[in-house]
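The values are calculated or read from the model by the stated rules, or taken from the named source; none is laboratory data. Every value quoted in this text rests on a predicted model; they were computed, and no experiment measured them. Here the Cβ is made from the backbone with ideal geometry for all residues, glycine too, and neighbour counts use every protein chain on show. Quick note on the areas: whole protein, heavy atoms, side chains included, nothing else; ligands and nucleic acids left out. Shrake-Rupley method; radii C 1.70, N 1.55, O 1.52, S 1.80 Å.
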Amino acid sequence: MKINVDRSRCVGAGQCVLTAPALFDQGEEDGLVEVLDAEPDDTQVAAARMAASVCPSGTITLIHQ
């Protein structure tokens, strides 16, 4: 799986960080999503899916490889 984000859509709600802190962070200057691990291992797949589902702006997309 690969995590893709469209920062131009991000509203800085931080739900991704709360849901999957090992995968996401927020920029210090703009508060927008930053991906910490774009290709998570199998143990993080469920967290990545949950983060994508709770994102209010639909910024996070998951690409299954």
- Note on the structure: Cβ pairs under 8 Å, 6+ apart or interchain, first in the range 4-28 and on the phi < 0 side of the Ramachandran plot, second open to solvent by 60 Å² or more (accessible area, probe 1.4 Å) and among the aliphatic types (A, V, I, L, M), ordered by first then second residue, are Asn4/Ile63; Thr19/Met50; Ala20/Met50; Ala22/Leu36; Leu23/Leu36; Phe24/Leu36; Asp25/Leu36
- Residue count, the range 14-51, condition closer than 18 Å to His64 by Cα and among the polar types (S, T, N, Q), comes to 2
